[in-house]
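K.L.:
Sharing a structure with you now.
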Amino acid sequence: MAPSTAETGLCNRMNADHPLALFAIVKSTLKRSEASLLVKDCKTTTVTLTEAKISYVACQEDSCAQREVIVKFDPPLKSLEQMR
């Protein structure tokens, strides 16, 4: 299913206005063994009432890979406006 206009706008706003917050969220989800990874290009890709998906690039030495983290909202949002 294609993202709604509200969802797309929210993702764009999060990516433009809160890059450090996205970076911090991604870093906080890494395992202890992954703490030395270089994390970059964090982008919100999807937001629903129950979760947000953030894609990022993780690099270690000369190897980089695209990854994604899913952040669950507990309790779920009542509306996407709560993400502001």
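K.L.:
Out of (1) surrounded by 14 or more Cβ atoms within 10 Å (Cβ to Cβ); (2) among the acidic types (D, E); (3) part of a strand (DSSP E or B), what's the single condition that is false for E7?
P.N.:
(3)
K.L.:
Give the residue, chosen from A58, A16, A35, A52, that is in contact with a helix residue (DSSP H, G or I) (Cβ under 9 Å, 6 or more places away or on another chain) and surrounded by fewer than 12 Cβ atoms within 10 Å (Cβ to Cβ).
P.N.:
Among A58, A16, A35, A52, only A35 is in contact with a helix residue (DSSP H, G or I) (Cβ under 9 Å, 6 or more places away or on another chain) and surrounded by fewer than 12 Cβ atoms within 10 Å (Cβ to Cβ).
K.L.:
Okay, moving on. Cβ-Cβ distance below 6 Å, separation of 6 or more or different chains: which pairs start in region 10-23 with a residue that is without any contact (Cβ under 8 Å) to a residue 40 or more places away in the chain and end on one that is in a helix (DSSP H, G or I) and among the polar types (S, T, N, Q)?
P.N.:
none
K.L.:
Let me ask something additional. Cβ contacts < 9 Å: first residue without any contact (Cβ under 8 Å) to a residue 12 or more places away in the chain and more than 19 Å from R13 (Cα to Cα), restricted to region 55-84; second residue assigned to a strand (DSSP E or B) and acidic (D, E), any location; separation 6+ or different chain. Result?
P.N.:
Qualifying pairs under 9 Å: Q66/D41.
K.L.:
To continue, here is another question. (1) surrounded by 11 or more Cβ atoms within 10 Å (Cβ to Cβ); (2) modelled with pLDDT of 95 or more; (3) in contact with a strand residue (DSSP E or B) (Cβ under 7 Å, 6 or more places away or on another chain): which one isn't true of A24, the others all being true?
P.N.:
With respect to (1) surrounded by 11 or more Cβ atoms within 10 Å (Cβ to Cβ); (2) modelled with pLDDT of 95 or more; (3) in contact with a strand residue (DSSP E or B) (Cβ under 7 Å, 6 or more places away or on another chain), A24 is out only on (3).
K.L.:
Restricting to region 58-84, count the residues that are closer than 19 Å to V47 by Cβ and among the hydroxyl-bearing types (S, T, Y).
P.N.:
Qualifying residue count, region 58-84: 1.
K.L.:
For residues that are over 14 Å from the mean Cα position of the chain (by Cα) and either assigned to a strand (DSSP E or B) or modelled with pLDDT of 95 or more (or both), tally how many sit in region 50-61.
P.N.:
Final tally of qualifying residues: 2.
K.L.:
Go through region 62-84 and give me each residue that's in a loop (DSSP other than H, G, I, E, B) and surrounded by 10 or more Cβ atoms within 10 Å (Cβ to Cβ). Spell out how you get there, then give the answer.
P.N.:
As a first pass, look at region 62-84 and keep what is in a loop (DSSP other than H, G, I, E, B): 62, 73-79, 84.
Correct list: F73, P76, L77.
K.L.:
Failed condition for C42, given (1) within 12 Å of the chain's Cα centre (by Cα); (2) not in a strand (DSSP E or B), with all others met?
P.N.:
It is condition (2) that C42 fails.
K.L.:
Return the pairs, sorted by first residue and then second, in which the second residue is in a helix (DSSP H, G or I) and surrounded by 10 or more Cβ atoms within 10 Å (Cβ to Cβ), the first residue lies in region 28-42 and is of a type in the set (K, R), the beta carbons are less than 9 Å apart, and the residues are 6+ apart or on different chains.
P.N.:
Matching pairs, first to second residue: K40/F23.
The values are calculated or read from the model by the stated rules, or taken from the named source; none is laboratory data. Here the structure is a predicted model, which is why all the values come from computation and not from measurement. Cβ atoms come from the backbone with ideal geometry, glycine included; neighbour counts cover every protein chain shown.
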